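K.L.:
This is the structure I have questions about; it appears just below.
The values are calculated or read from the model by the stated rules, or taken from the named source; none is laboratory data. Treat the numbers as computed from the prediction; the structure is a model and nothing was measured. Here Cβ is always computed from backbone atoms with ideal geometry, including for glycine, and neighbour counts include all displayed protein chains. For the accessible areas, the whole protein counts, side chains as well, though only heavy atoms, and no ligand, DNA or RNA atoms are used. Shrake-Rupley method; radii C 1.70, N 1.55, O 1.52, S 1.80 Å.
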Amino acid sequence: MASNKIERGHQMYRDGRYSEALGFYTEAIAMAKTNPQKIALHSNRAACYLKLHDFKKAAEECTSVLELDHKHSGALMLRAQTLVTLKEYHSALFDVNRLLELNPSSEVYQNLHARLKTQLSLAPIPESEEEFEEQGDENDEVMLNRENKKMKWEKNMQQHLI
């Protein structure tokens, strides 16, 4: 029975046993008869994947919810957040634009939109694979330089404290 699987999934989730909860939610989806049930179960699976730090699968679960209800603001927001974590800023911006269409007066959505636009303006998009690889090398150098400066600063601070 689906309700039994759902309840066991909830219990596993509450106990922090997210992989096991996923299994119960997956079994329950196969038995779910209505879209609201399927939406809730895919949302639960997304929450489990988030707890397991599998952001790609969390985003995929949100997509499953959106296939059933393209205006589901919770799934749009969660997918946008997971896409930001995955540094897929253009896709995240697409979801935030949809959220703004649904609720143009939301300050949360407006702020997220502004932050994404800023992020995209700071990170130019490579036009070829070679350019992408060059940017990766440059970013590695920048990170190394920052790390070296941080280490020098920390060493300097330690000398002043002694």
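K.L.:
Take Glu20 and Glu107, extend 7 Å from each Cα along the Cα→Cβ direction, and tell me the distance between the two endpoints in nm.
P.N.:
Taking the two extended label points, one gets 4.3 nm.
K.L.:
Also: Can you work out the Karplus-derived ³J(HN,Hα) for every residue in segment 3-11? Use 6.51 cos²θ - 1.76 cosθ + 1.60 with θ = phi - 60°, whole Hz, and x for glycine or proline.
P.N.:
5, 5, 5, 5, 4, 5, x, 4, 5
K.L.:
Still on this structure, I have one more. Report the extension gain between Leu52 and Glu27 in nm, rounded to one decimal, defined as 0.36 nm multiplied by the number of residues separating them, less their alpha carbon distance.
P.N.:
7.1 nm
K.L.:
Distance in nm between label sites at Lys117 and His70, each 7 Å beyond Cα in the beta-carbon direction?
P.N.:
Spacing of the two 7 Å Cα→Cβ label points: 2.5 nm.
K.L.:
Continuing with this model, one more query. Of all accessible surface on segment 1-101 at a 1.4 Å probe, what whole percent is carbon and sulfur?
P.N.:
53
K.L.:
Additional query: According to a simple spin-label model (label point 7 Å from Cα along Cα-to-Cβ), what is the distance in nm between Thr34 and Gln11?
P.N.:
Distance between label points: 2.4 nm.
K.L.:
Expected output is a single nm value to one decimal: the length gained when fully extending between Asn97 and Thr63, i.e. 0.36 nm times separation in residues minus the C-alpha distance. What is it?
P.N.:
Here the segment from Asn97 to Thr63 would lengthen by 10.7 nm.
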